[in-house]
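The structure appears right after this line, and notes come after that.
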Amino acid sequence: MSELVKISKTQFENVYQCEFNDGTTRLCTKNLAPGFSVYGERLFKVEGIEYREWNAFRSKLGGAILKGLKQNPIVKGTKVLYLGAASGTTPSHISDIVELEGKVYGVEFSPRVVREFLLVAQHRPNLFPILADARFPQYYRTLVEDVDVLYVDIAQPDETDIAIYNARFFLKENGYMLLAIKARSIDVTKEPTEIYEMEVNKLKEANFDVLQVVQLDPYDKDHAMVLSKYKGK
Amino acid sequence: MKVYIVEHAIGSFAYDEQGKLVDFVLSSKDLGKVVDALIENEKGIPLPTTVELIKKIKTEEVIVENEAEIPYLQQLGVKASYEIHNLGSKVFRESLPKVAVETKFVSSENELYSFLYDVSFEYTRRKLRSAASKRDLLAIQAIRAIDDIDKTINLFSERLREWYSIHFPELNKLVEDHELYSTIVSKFGYRNEITKEGLEEMSVNKDLSTKILDAAKKSIGADITDVDIRSIRMLSDTILELYKIRSELTDYVESVMKEVAPNITALVGPTLGARLLSIAGSLEDLAKMPASTIQVLGAEKALFRALRKGGRPPKHGVIFQYPAIHSSPRWQRGKIARALAAKLAIAARIDAFSGRFIGDRLNEELKKRIEEIKTKYAQPPPRKPQEQKKKEEERKSKKGGKEKRRGRR
């Protein structure tokens with residue numbers, strides 16, 4: 001195992017970069033729940049602060065940052081609604097970034113993975129686990145509030161529509177949306193770039209300013225992260 | 001007057017057409033009740049606070065967000081329609097922390113979020129549990145399969161030992177572990193093909209491997225042929241396969257138990273937890289049992305004998321497998337068993353009917369009680385010679401001096 005040499009800040013708040021003695025660098029975040037590793041990632045202690053390695057192959061936001069995301073709307077104190085929280089890999093890093101001042105509402109539909117998500121949320125008071133279907137925001141409206149950032153990673157054919165519907169419910173005016181598009185689950189027969197364009201157009205029609213489309217290969221094949229800004233209802 | 005009704009875990013709020021808060025009814029802080037209402041709401045039943053609010057403000061027309069609520073609201077005699085993210089919900093959800101503090105639901109923002117955290121946890125657990133219903137029956141079958149496999153492994157291993165001993169009788173005594181014995185037979189076959197390196201690979205310690213090699217050289221066993229060895233190996237391969245299935249089933253039981261009975265699992269571990277479910281019949285059956293019954297589950301024979309003949313009842317059933325019980329001195333076991341059974345009863349009821357996780361707390365309390373027992377009853381109770389004798393005589397006459405009382409299965 002390579003050893004940690006240096007930890008430095010990145011251009012994004014609360015996102016760090018660690019360098020190893022074998023010359024590689026990786027992302028990491030400050031661990032909000034010291035001592036707990038969420039998905040087997042390594043933990044480092046530097047000057048009394050514990051950092052968690054952020055595996056870009058396991059987390060699309062991590063991949064997007066390494067692939068040149070220009071702006072990360074998620075900073076300390078941000079309120080995030082996260083659709084498709086799965087077992088909590090990326091939500092745990094977001095929870096690290098927003099710290100206790102921020103809130104992460106994690107919606108996930110599959111009971112199987114929610115079981116693991118609960119274990120992650122157990123040690124993070126800013127991470128709210130919600131077992132519900134993102135198609136029906138009216139069911140979890142009783143548990144959340146308006147948010148600064150909507151993060152959507154649900155791999156459904158109608159993902160963008162679901163995201164827009166949720167934005168109408170919960171996204172603040174001038175709030176940001178991060179949409180992870182998995183081209184292969186929207187239409188396997190079309191070219192991924194064609195699909196990204198299609199989805200981006202949908203967003204524009206729904207009053208979003210699309211700021212950037214980041215392709216995620218090699219971290220995730222045929223995936224893209226779309227950063228957009230909501231101009232209001 | 002037309003009002004927008006906003007429903008949230010902290011209560012129901014009415015806004016007028018200018019987006020001003022008209023009136024509100026706050027939720028109770030009883031987690032169970034709040035979550036019940038939220039889950040019912042998905043079916044279209046308005047929150048109890050909404051009903052109360054509508055009666056209070058005497059309005060004719062309301063606008064809600066959940067379409068399914070409309071028929072219920074009409075029954076209350078108001079005109080109802082729905083509009084998602086209406087003026088009211090927009091104002092409310094934009095300023096949730098402020099509203100919560102201003103309406104005095106909580107005294108601080110932190111308090112609000114810790115309430116919401118508890119509610120979403122409980123809500124998610126409850127939904128998870130209904131999704132996982134009947135999974136307890138799967139764990140029960142799996143643990144029974146494990147028991148069957150154990151019996152089969154023993155049976156087959158005894159046969160293998162008898163059979164292979166014709167060729168290499170000394171190995172029987174040297175290797176007590178069935179799994180290792182089968183591995184040796186499967187890997188080497190003939191006794192003179194056993195090698196030091198091969199044994200090392202199975203991480204047999206040096207001492208034992210010299211003994212085995214030594215015994216193989218001087219064995220008094222008969223010579224056998226390839227055909228014989230092949231048949232013997234088929235049996236030992238089967239035993240090894242059974243061990244593999246067993247370990248996979250154990251993992252399976254663990255994952256299912258953590259899901260359906262997290263509190264029981266936290267207390268006694270997945271295997272013993274599944275055994276308790278298996279004897280009780282189901283998680284719900286176990287939850288309905290008194291602690292005193294849970295304490296002696298698995299010792300039915302001893303219990304009914306005691307009841308019939310008036311002897312002393314057993315102190316523990318399968319929970320004897322709990323390390324703190326079987327590793328403690330005899331006179332402490334009954335007390336520990338009683339404490340454990342009491343915690344198990346609580347755990348089973350929460351697992352079956354609520355799904356909250358309080359395993360850590362239960363465990364802590366139990367550890368404390370065990371500690372207390374250990375210090376308070378460190379010494380064996382003083383014997384009362386005469387009483388002891390009398391009792392023993394009594395017992396002898398009743399049972400014909402044959403049966404010995406047993407606390408476990």
Over all Cα pairs of segment B:285-371, the Kirkwood radius sets Rh, and Rg/Rh then becomes 1.00
If only Cα atoms are counted, what is the Rg of segment B:288-332, and what is its Dmax, in Å?
11.2, 31
Report, by chain and number, residues whose modeled amide H sits under 5 Å from the one on A:Q156, excluding near sequence neighbours (fewer than 5 apart, same chain).
none
On a 25 Å Cα-Cα criterion, which of the cross-link pairs B:K134/B:K343; A:K103/B:K58; A:K229/B:K104; B:K134/B:K301; A:K70/B:K90; B:K33/B:K79 come out too long?
A:K103/B:K58; A:K229/B:K104; B:K134/B:K301; A:K70/B:K90; B:K33/B:K79
Just want to confirm a number: the relative contact order over segment B:121-226, from Cα pairs under 8 angstrom separated by 6+ residues, in percent.
29 percent
Mind jotting down the distance between the C-alpha centroids of segment A:160-233 and segment B:185-263, whole Å?
57 Å
I'd like the Karplus ³J(HN,Hα) series for segment A:56-72: coefficients 6.51, -1.76, 1.60, θ = phi - 60°, whole numbers in Hz, and an x wherever there's a Gly or Pro.
5, 7, 9, 9, 5, 5, x, x, 4, 5, 5, 8, x, 4, 7, 9, 10
Using only the Cα atoms of segment A:134-233, each taken as one equal point scatterer with no solvent, compute I(q) by the Debye sum, divide by I(0), and report log10 of the ratio at q = 0.19, 0.25 Å⁻¹.
-0.88, -1.36
Show the residues, 5+ positions off or on another chain, whose built amide H is closer than 5 Å to the amide H of B:T59.
none
Sorted from largest to smallest, which semi-axis lengths in Å does the alpha carbon gyration tensor of segment A:42-119 give for its equivalent ellipsoid, taking the root of 5 times each eigenvalue?
20, 16, 15
Could you give the distance between the Cα centres of segment B:314-336 and segment B:30-70, to the whole Å?
51 Å
Globularity ratio of segment B:187-340, using Cα Rg and 2.2 N^0.38 Å
1.56
Given the C-alpha atoms of segment B:1-93, compute the convex hull and give its volume per residue in Å³.
80 Å³
Amide H proximity to A:V46 below 5 Å, modelled H, separation 5+ or other chain, gives A:Y51
How many Å³ per residue does the convex hull of the Cα positions in the protein assembly as shown occupy?
253 Å³
Loss of accessible area when B meets A, both sides summed, Å² nearest 100, probe 1.4 Å:
3000 Å²
Share of Cα-Cα pairs in segment B:124-206 beyond 21 Å, whole percent, is 50 percent
Kirkwood hydrodynamic radius, computed over distinct alpha-carbon pairs, for segment A:87-184: how many Å, to one decimal?
13.8 Å
Over segment B:226-350, calculate the relative contact order: mean separation of alpha carbon pairs under 8 Å at least 6 apart, over the residue count, as a percent.
25 percent
Regarding chain B, what are the three Cα extents along the principal axes, ordered largest first, in Å?
103, 65, 36
Going by accessible area, probe 1.4 Å, with all protein chains left in place, what is the ranking of A:Y39, B:Y15, largest first?
A:Y39, B:Y15
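Add -39500 (n - 2.57) for each DSSP H run of 4 or more in chain A, then divide by its residues: what number comes out at 222 nm, to the nearest 500 deg cm²/dmol?
-7500 deg cm²/dmol
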Can you compute the modelled spin-label distance between B:K55 and B:A68, with each label point 7 Å from Cα toward Cβ, in nm?
2.4 nm
In Hz, Karplus ³J(HN,Hα) per residue of segment B:309-325 (6.51, -1.76, 1.60; θ = phi - 60°; x = Gly, Pro)
9, x, x, 8, x, x, 8, 7, x, 5, 5, 4, 5, 5, x, 5, 7
Using only helices, what value at 222 nm comes out for chain B when you add -39,500 (n - 2.57) per DSSP H run of length 4 or more and divide by the total residues, to the nearest 500 deg cm²/dmol?
-20500 deg cm²/dmol
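Counting DSSP beta bridges with both partners in segment B:1-115, what percentage is antiparallel, nearest 5?
Values: 10 of 17 bridges.
Antiparallel: roughly 60 percent of the beta bridges in segment B:1-115.
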Which one of B:V268, B:V204, B:V64 has the biggest mean-square fluctuation once chain B is modelled by GNM with Cα springs under 10 Å?
B:V204
Over the protein assembly as shown, what is the percentage of antiparallel beta bridges among all DSSP beta bridges, to the nearest 5?
60 percent
Taking θ = phi - 60°, what integer Hz values does the Karplus form 6.51 cos²θ - 1.76 cosθ + 1.60 yield along segment A:7-19, in sequence order, with x for Gly and Pro?
10, 9, 6, 10, 5, 9, 4, 6, 10, 10, 10, 10, 9
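The values are calculated or read from the model by the stated rules, or taken from the named source; none is laboratory data. Note that the structure is predicted; figures quoted are calculated from it, not measured. For neighbour counting, all protein chains shown are included, and Cβ atoms are generated from backbone atoms with ideal geometry for every residue, glycine included. For the accessible areas, the whole protein counts, side chains as well, though only heavy atoms, and no ligand, DNA or RNA atoms are used. Shrake-Rupley method; radii C 1.70, N 1.55, O 1.52, S 1.80 Å.
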